[in-house]
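Written below as structure tokens is the structure these notes are about.
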Amino acid sequence: MKANLTIENIGSHRGVRNYEINSGKITIFEGANSSGKSTILKSIATILSSPINSKNLHSEANKFGILPMDNKDSPIVNIFENEASISLSYEELSLKVNVLKNGTINTTFPKNFRGNENFLYACMLLKNSKIQRFLASGDDNFQWIVSEMSYASKYEDLNETNLSYLRLNNAAKNTLEDINKNIGKYISEIKDSREKKKEFSEELEKVQKEIKNLPKSENPELNALEEQQNELMEKRDTSKDRSEGLNEQFQEIGKKLNNFSSNFENINIEIEKLKIAIKEYTDEIEFIKKIDTVVEDTKIMENQEEVKKLFGELSSNKTLRELHNTILNSRHESDTCPLCNSKIPTNKEKSANELKKIRKKIEALSKIRNNFEIEIQRSVNLKKRAGTLKINEGSLRTKRKTIDSKIKQKEGIGKQTNELKNDLRGIEDNISREKKLLERYIKNIDEIEKKIEIIIKEDKEKSEIYQRRKSLMSSIQKLDINIETNNKLIQEKSQLELFGMKIPIEKADQIINNLSIQFEEIELYLYEKMIEQRNGAAKKFNSTINNVIEELKLEDFQDIYIDLEDYRLIVVRKGGKIQPLGALGGAERGIIGGILQISCKQTYLKDIPFFIGDDIILEFDPDMSETFMNYLKKLAVEDDLFIIITKISNNRQIRQLEI
């Protein structure tokens, strides 16, 4: 397999440069510092990792010089140009990205391809990769890798959203507690005011009796004023009673309206759900009616015959696959003839290429077989759907009856709501009129009280008892104002804004408690899924690490793995002693980093046939460098990979080598 890389105005390169890279080999780009070797790696990483959406990987791309820091120009666009482009083609894929000066990356990819941002974690063996940075710092917490390389990170994001809602819900719960405390305080003040009012009223009644028992005044004007005052006070008390009754009616109807409004909305939601269900059933019934089961039976039989033929072709190539593995694994320059058992010379590279073609043919046949099996399953599913016609028609009739019933229920609630609103408006008008009437009574009583005071000013005994009555009436009036104020506060505070909706507090408490339970259940579910994903990813990773260690035949290290309890990286030396990462030497960190990076790629991104790195491997001691390079070459052949490494040399121009 060949890959063609074209870069234009990337890094220090102006204009267009083309590179042809072969799979199954290790491609080395060597040259002096600033010759553009890293530009090639960055170009491949940019095109295969875009689009980058994760904040963590965005930061990683900043470190690699792929994306710019805040308010900076793109680090990969040539400083004299406003945009650059990268094209990469291999197999049947043709990929292209345009990079603007501000760092924006626009992709032109086929429909069946999408870049994988985890390429930056898994497929880049660099000195400043995240794996190498963690090892260099001695940080053994590798939870990030099993989270990012599985769906655990998605569950973490969902859990963060869930927790934000839980925090909002808890804040609403605290607010509701404060509201209930305040309402409790208002209710307590109303109770105290009513008790005091009762005491003052009883005392006022006694005072009124005393005034009535006073000898008749010789002043006819005073007698007339007292009678008028007594009459107004009776009217005032009656008006107060009516006002309290109207307020109680108002609150009761308000509660009913809230309930009707809530029921109305719930029915609307149910109707919309039913409409969606009806449409789904209608579409399904229309689709089912078009299914011809006889035609589908014919298709099933034809496809089954084709699958049988393909099985025959695939089984005939089984021997070739076995011979392919035998030749590749043989350490001899000859092979045994399957007919006469005599030794025959072999060209391993030629055989490998030929057999690679056969393998691709087998893979193509397998793909065709899979397609036929998918078609068979599709026909079987269609027949099953055809059998559900009567059930679906019955369900459709039931849904239609239900929606008719809900619409009638909605109309009934609407009618009742309108009636209650009319009643409420009538009560509001009556309350307003009663309030004005009460204010007039109080004003008239005050005016009469002032006239009486002037007349009896010289009568000390009468003056004192009238002053007592005035004081008691004033106190009662203040208590009435206090009761009315607290009632208004209760009415104002009796609703809580929750997620953008105003909800009566008696319902809000129930909703908040239910939401708390649901959010906590979601949190537990997401946590379990996170653990499941992390453990699954860690187990796969550990298995691959173990295979790599066995292939490399390392003498110093017995085991390297991620602990499933706390996701810490454990390095075990020969003899079973655990090695702290902070105590590793530079060369050892490089070796472990190389093992982890290769394992990461092989575990999580096996479908991307690219693995790139700087000269980190070539800086190992000669024996270890050769061991790693041989292992990479084996991977390149077996998995048909493009493995690309840079190497520093004195050449001013980049030189491309293959091994």
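The values are calculated or read from the model by the stated rules, or taken from the named source; none is laboratory data. Here the structure is a predicted model, which is why all the values come from computation and not from measurement. Please note: Cβ atoms are built from the backbone with ideal geometry, for glycine as well, and neighbour counts cover all protein chains shown.
Structure summary
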read-out	value
Residue list for the range 51-87, filter: in contact with an Asp or Glu (Cβ under 8 Å, 6 or more places away or on another chain) and of a type in the set (S, T, N, Q)	Asn53, Ser54, Asn56, Ser85
Test: Glu393 is more than 43 Å from the chain's Cα centre (by Cα) and assigned to a helix (DSSP H, G or I)	no
Residue match in the range 92-103 (condition: surrounded by fewer than 21 Cβ atoms within 10 Å (Cβ to Cβ) and farther than 23 Å from Arg14 by Cα)	yes
Condition broken by Lys451, with the remaining ones in (1) more than 21 Å from Phe200 (Cα to Cα); (2) at pLDDT 90 or above; (3) of a type in the set (Lys, Arg) satisfied	(2)
Sole residue being within 30 Å of Pro622 (Cβ to Cβ), surrounded by fewer than 17 Cβ atoms within 10 Å (Cβ to Cβ), among the acidic types (Asp, Glu) and in contact with a helix residue (DSSP H, G or I) (Cβ under 6 Å, 6 or more places away or on another chain), chosen from Glu555, Glu551	Glu551
Positions within the range 627-659 being over 45 Å from the mean Cα position of the chain (by Cα) and under 18 Å from Leu126 (Cα atoms), in sequence order	Ser649
So Lys173, is it without any contact (Cβ under 8 Å) to a residue 24 or more places away in the chain and either in contact with a Pro (Cβ under 6 Å, 6 or more places away or on another chain) or not hydrophobic (A, V, I, L, M, F, W, C) (or both)	no
Residue within the range 171-180 that is more than 18 Å from Asn535 (Cα to Cα) and under 21 Å from the mean Cα position of the chain (by Cα) present	yes
Candidates Glu244, Glu322, Glu333 - the one that is at pLDDT below 85, under 30 Å from Ser366 (Cα atoms) and either surrounded by fewer than 15 Cβ atoms within 10 Å (Cβ to Cβ) or of a type in the set (D, E, K, R) (or both)	Glu322
Residue in the range 275-304 that is modelled with the highest pLDDT, counting only those that are aliphatic (A, V, I, L, M) and within 15 Å of Lys384 (Cα to Cα)	Ile285
Any hit, the range 129-140, residues being of a type in the set (Lys, Arg), out of contact with any helix residue (DSSP H, G or I) (no Cβ under 8 Å at 6 or more places or on another chain) and in a helix (DSSP H, G or I)	yes
Residue among Ile76, Ile40 that is buried (at least 24 other Cβ atoms within 10 Å of the Cβ) and in contact with a Phe, Trp or Tyr (Cβ under 9 Å, 6 or more places away or on another chain)	Ile40
Only listed residue being assigned to a helix (DSSP H, G or I) and within 26 Å of Glu506 (Cα to Cα), chosen from Glu231, Glu265	Glu265
Residues of the range 3-20 satisfying the condition of being under 40 Å from the mean Cα position of the chain (by Cα) and modelled with pLDDT of 90 or more	Ala3, Asn4, Leu5, Thr6, Ile7, Glu8, Asn9, Ile10
Strands (runs of 3 or more DSSP E) enclosed by the range 16-127 - at least 2 residues per element that are hydroxyl-bearing (Ser, Thr, Tyr)	83-90, 105-108
First in the range 364-384 and within 18 Å of Lys289 (Cβ to Cβ) and assigned by TED's automatic domain parsing to the domain that holds Glu302, second anywhere and in a helix (DSSP H, G or I) and among the acidic types (Asp, Glu), Cβ under 7 Å, 6 or more apart	Ser379/Glu296; Leu382/Glu296; Lys383/Glu296
Residue check, Ser463 among the small types (Gly, Ala, Ser) and in contact with an Asp or Glu (Cβ under 8 Å, 6 or more places away or on another chain)	yes
Conditions (1) within 30 Å of Phe200 (Cβ to Cβ); (2) touching a residue at least 40 places away in the same chain (Cβ under 8 Å); (3) β-branched (Val, Ile, Thr): number failed by Thr485	(2)
Every residue from the range 68-91 that is closer than 25 Å to Ile21 by Cα and of a type in the set (A, V, I, L, M, F, W, C)	Ile76, Val77, Ala84, Ile86, Leu88
From Leu310, Leu222, Leu232, residue being at pLDDT 85 or above and surrounded by 14 or more Cβ atoms within 10 Å (Cβ to Cβ)	Leu232
Check on Ile512, in a helix (DSSP H, G or I) and under 30 Å from Ser188 (Cα atoms)	yes
Single condition Asn106 does not satisfy, out of (1) at pLDDT below 90; (2) under 33 Å from the mean Cα position of the chain (by Cα)	(1)
Lone unmet requirement of (1) under 20 Å from Asn219 (Cα atoms); (2) touching a residue at least 60 places away in the same chain (Cβ under 8 Å); (3) basic (Lys, Arg) for Lys457	(2)
Any chance Ser153 is surrounded by 14 or more Cβ atoms within 10 Å (Cβ to Cβ) and either at pLDDT 90 or above or farther than 27 Å from Gln518 by Cβ (or both)	no
Among the residues listed as Tyr561, Tyr631, Tyr604, the single one being among the hydroxyl-bearing types (Ser, Thr, Tyr), over 30 Å from Ala3 (Cβ atoms), surrounded by 15 or more Cβ atoms within 10 Å (Cβ to Cβ) and in contact with a helix residue (DSSP H, G or I) (Cβ under 8 Å, 6 or more places away or on another chain)	Tyr561
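Here's the yes/no breakdown for (1) assigned by TED's automatic domain parsing to the domain that holds Phe119; (2) buried (at least 18 other Cβ atoms within 10 Å of the Cβ); (3) assigned to a strand (DSSP E or B):
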| residue | (1), (2), (3) |
| --- | --- |
| Leu524 | no, no, no |
| Glu528 | no, no, no |
| Ala538 | no, yes, no |
| Asn542 | no, yes, no |
| Val572 | no, no, yes |
| Gly582 | no, no, no |
| Ile591 | no, yes, no |
| Gln597 | no, yes, no |
